[in-house]
């Protein structure tokens, strides 16, 4: 890949972007798949490259869209910077650490990596005096806001209805078909040694922007919302099976690698170590030179300190001179993780689709039995969710297609027009129980079976026969 714009090159050469070299794309998956050591930096470069590759044919084949070189550059910048807010071990930071820390963003909502991405982007521009370089390419303050909206896939932030489709290229909240997913799937499969049957090059070749009439869609709460007439990225109907392979590939990656039992417990151990050490280990240098903890860095939104918050945090905990009890416990957890002496699996169960679940800590409390020598603090519970990228919905329902005979008419394909072997359900959940002490595994396993029986979940000995609710 080649980046000709000096704007992209100057962003790449900043410390704020280069920190992504120290954050693994797949978190702790390397503990099972030794090849899974590729980084967020490599992924971000790939997303930027694919964004340009995707838009250039549209610019050439559909001149009526008015796609300018500046538009393509803005989308590429969004692709390059969309992961600036990632933290230690990627999904560990997003799914485990941030929810447990309970820190809020400026809107009073739970802080997410997307919020940190926007703050880090502003910090990157300010720290490296890049605004003048941006203006040399006619990228003004309002364009910066547009780029930030593209990073989040916020189509509603687009003021020009003719350019709304550009907000679907990097992060597509409508149906999940975007260059972020394409690079992740290709790169992850390559490094994991897992076959990838999806061809993103064909999707690019047969993509077309079409005016989609007003229609209704189902929202996350089960209601119906009206989507106004707008330009959307559509695909030729013969690409339906190829696109389905993309969603199935995401599911396969989750099942085989990202949500692997060892990966899952390793992520839990990393989370525990960082949480226990957080209050006492100050390892991130703030903007005024003061050393901050992880919580202080995030609460103060100190992007200078956040620049140093990468996978190396776990090694800094290990080398810390702190002698406080929680830090000593954190060090022991890190040592066990590095030796792959992971917590022992005591059971797992597939949860029926409509069953309600408590939090992992509450489940551990229910299963524990202190008077039997099985306290809750010796148990670790993971709730694992595996899906096709659109929670429990069929992702194919959100895609618009066109046919050879009607290239300007957006179509919705029925299930029988895609495949007869598409599953009826698209999301499944598991509860996994681990023991910190191997000698407690048998006792914990019995308690886990009792809990499953009371909840009317498939008992542990039957799990091998109840493989999946997805029908595959």
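Derivation of every value follows stated rules applied to the coordinates shown; laboratory data play no part. Keep in mind that this is a model prediction, so the values were computed, not measured. All Cβ positions, even for glycine, are placed from backbone atoms using ideal geometry, and neighbour counts span all protein chains on display.
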To the nearest 10 degrees, how steep is helix 325-338 against the longest Cα principal axis of the chain, on a 0 to 90 scale?
-> 70 degrees
If one takes the longest principal axis of the Cα atoms in the chain, at what angle in degrees, from 0 to 90 and to the nearest 10, does the Cα axis of helix 441-455 lie?
-> 60 degrees
If each part is reduced to its alpha-carbon centroid, the range 171-186 and the range 263-278 end up apart, in Å, by 28 Å
Dimensionless Rg/Rh of the range 75-233, both radii on Cα and Rh by Kirkwood, sits at 0.98
For the range 116-210, what size does the Cα cloud have along each of its three principal axes, sorted from largest down, in whole Å?
-> 44, 34, 24
Got a sec? Which residues in the range 402-434 would a label at residue 95 touch, if it sits 7 Å along Cα→Cβ and we count backbone N under 13 Å?
-> 428-432
Between the range 68-92 and the range 390-437, the Cα center-to-center distance that results, in Å = 26 Å
With T = 37 °C, eta = 0.692 mPa s and Kirkwood Rh from C-alpha pairs, the Stokes-Einstein D of the range 257-413 in µm²/s is about 169 µm²/s
Over all viewing directions the Cα convex hull of the chain casts an average projected area in nm² of 23.7 nm²
Semi-axis lengths, Å, the range 200-310, gyration tensor of Cα atoms, sqrt of 5 times eigenvalues = 43, 22, 16
When only Cα pairs under 8 Å and 6 or more residues apart are kept, what is the percent relative contact order across the chain?
-> 15 percent
Treat each spin label as a single point 7 Å out from the Cα along the C-beta direction, and report the residue 324 to residue 290 distance in nm.
-> 1.6 nm
What is the ratio of the Cα radius of gyration of the range 1-152 to 2.2 N^0.38 Å, where N is its residue count, to two decimals?
-> 1.11
Taking only the alpha-carbon positions of the range 129-169 as identical scatterers, the Debye log10 I(q)/I(0) at q = 0.25 Å⁻¹ comes out as -0.82
Additional length obtainable on full extension of the chain from residue 106 to residue 365, 0.36 nm per residue less Cα span | 89.9 nm
Contact order relative to length for the range 189-251, counting C-alpha pairs under 8 Å separated by 6 or more residues, stands in percent at 37 percent
What's the extension gain from residue 13 to residue 339 if we count 0.36 nm per residue and subtract their Cα-Cα distance?
-> 113.9 nm
Compute the acute angle (0 to 90°) between the alpha-carbon long axis of helix 179-192 and the principal axis of greatest extent of the alpha-carbon atoms of the chain; round to the nearest 10°.
-> 50 degrees
Stretched out fully, how many nm does the piece from residue 127 to residue 22 gain, at 0.36 nm a residue minus the Cα gap?
-> 35.8 nm
Let me have the relative contact order for the range 140-217, percent, based on Cα pairs under 8 Å that are six or more residues apart.
-> 17 percent
